[in-house]
1. Need one word for the range 137-218: rounded, prolate or oblate. Basis is the Cα gyration tensor (sqrt eigenvalues a ≥ b ≥ c); a/c below 1.5 gives rounded, then a/b vs b/c decides.
2. Pop a pseudo-label 7 angstrom from the Cα along the beta-carbon direction at both Ala322 and Phe205 and give the gap in nm to one decimal.
3. What share of the DSSP beta bridges in the chain is antiparallel, in percent to the nearest 5?
4. Per residue of the range 227-233, what does 6.51 cos²θ - 1.76 cosθ + 1.60 with θ = phi - 60° give for ³J(HN,Hα)? Whole Hz please, x for Gly and Pro, Karplus curve as stated.
5. Work out, step by step, the length gained on full extension between Asp84 and Arg307: first 0.36 nm times the residue separation, then minus their alpha carbon distance; give nm to one decimal.
6. Would you kindly derive the ³J(HN,Hα) couplings of the range 358-374 from the backbone phi angles with the Karplus curve 6.51 cos²θ - 1.76 cosθ + 1.60 (θ = phi - 60°), listing them in order in whole Hz, with x for Gly and Pro?
7. Mind checking the range 298-354 for trypsin sites (Lys or Arg not before Pro) that DSSP puts in a loop (not H, G, I, E or B) and that have at most 16 other Cβ atoms within 10 Å?
8. Report the calculated FRET efficiency for Glu216 and Lys368 (r = Cβ-Cβ distance, R0 = 56 Å), to the nearest 0.05.
Amino acid sequence: MISMSRRTLLKGSAIAGAFGLGAGLGPLRRALAAPDPVMLDALITEASLDGRSVTRKIMSYAGPDAPQPSGPGAMPPTIRMVRDKPFAARLTNKLDEPTTMHWHGVRVPNNMDGVPFLTQPYIYPGDSFDYAFTPPDAGTFWYHPHCNTLTQMGRGMTGMLIVESPDDPVFDAEVVLNLRDFRLGGDGQFIEQFKARDAAKTGTFGTVRTANWQTETVQDAPSGGLVRIRLAATDVTRIYNLKLDGAEGLVVALDGQPVPEPYALDVVVLSPGQRLDVVVRMPDREGAVVRIMDYRPSTPKSVASLRAVGTSLRRSLGDVPALAPNPNAEPDLSAATDIPLVLSATAEEAARDSICGTLGYSFWAINKVPWPGDSADPMAPLAEMKLGRTYVLNLENVTPHAHPIHLHGMNFHVLSSSKGPVAPLVSDTYLMLPDEKVRLAVVADNPGDWVFHCHIIEHQKTGMTGYFRVA
Ligand code: C2O
Ligand code: CU
């Protein structure tokens, strides 16, 4: 009986719908967060994504209480955990191919990182894997598989992950937005996930743009209230230039890491893997609509909107505090070692087969070596790092395309860029512009093999991947 009710409670605590106004539930969630595993199934389902037809062969995640969800509810659940509190999840593979789970941006022990061969074996169909870790950072993160990723992520397996903190300020509402595309034909069914000629350039774009798996997401929020919006770009390709229309907003965190001083949102570039936390002051007038717009490539497009409801709460953006910083180790630049890393195109060649999926090509490389695919005998690490030491990743993008480069297991501090002044951000994903040179400092404080790859998944899967060994 006890475990039954606990499981029922967990549904409302560790896993909450992305549509909930969650802020008021914070203390309750904290009290209930226990290391009982959250049950997650990777599965195949169907739902309407384009608003017209039912798309089949969607890949998603579900909890025990919604084994075959459909509609927007088929979207992977938003997983909530609490900073410094143990978290556990049992992932059961109900797909017909192997999978693994990666907790993007969360600093986990290496054997919980979800990279096949490097950190764990595949989870075969019918098998489960127990993940357990204690998140050290509060903020907005996300989760996705690290096996056959272009297909599995492309077909839906990208979910939101929120690490709460007892220090989080309480807002009038919280809205979670999972931004991504699907590549569907006119009949609403999946079409080929990529075109080789696009994989060799920007990556292949989806045809149906969604927020929370809906083409037109409208959420209610209290008039005159302060709303924390947590956005993640979980698409395999698309880079957004986000702006607010109809309200003012303050950026409070980027990539899960609080900014030192909240600042007015003008345009925020959000590339695959990155997150944005913005606090919006809703209009006073009931029914007024606030839009989040994407200005990339050019014609502005509404990504999602909020509609003011109720009488005005008359809040002020001036009351928004800075979020408490996360405990990131300070780099010791006086004793740092440089690691040169060149992102380049490579001579086109056939890639070898891998159980975690190959696109059949190599187009990209790091330090001239294209990643050969996940295998039991991976190539040598890009560099070996000594535990506790500071390293400076001296990155150079010698391609005419942008690459959101992502590091597992550790955060980096952005030191400088050839493109101009940079904010001293802490992050796990940096968007390298064409021909940009950037210096990122990493404190090697997490032992293990950590992959480092472009988060445009076609680039990742056609060579732009490597790893660091920390020991
Ligand atoms: Cu978000 Cu290696 O990934
Ligand atoms: Cu790339």
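None of the figures in this text is laboratory data; all of them are computed from the coordinates on show. These figures come from a predicted structure and were not determined experimentally. Glycine gets a Cβ as well: all are built from the backbone with ideal geometry, and neighbour counts include every protein chain shown.
1. On the way: a/c = 2.92, a/b = 1.86, b/c = 1.57.
Note, shape of the range 137-218 comes out prolate.
2. Simple spin-label model gives 3.8 nm for this pair.
3. Details: 93 of 125 bridges.
Given both bridge residues lie in the chain, the antiparallel proportion sits at roughly 75 percent.
4. In residue order, the calculated couplings are 10, 8, 9, 10, 10, 9, 8 Hz.
5. Details: separation 223, 0.36 × 223 = 80.28 nm, distance 3.49 nm.
Separation in residues times 0.36 nm, less the Cα-Cα distance, equals 76.8 nm.
6. Listing the rounded values in order: 10, 8, x, 9, 10, 10, 10, 8, 10, 6, 6, 9, x, 4, x, x, 5 Hz.
7. On the way: sites: Lys301, Arg307, Arg314, Arg315, Arg352; in loops: Arg314, Arg315, Arg352.
Loop-located and lightly packed - Arg314, Arg352.
8. Values: r = 45 Å, r/R0 = 0.81.
Approximately 0.80, to the nearest 0.05.
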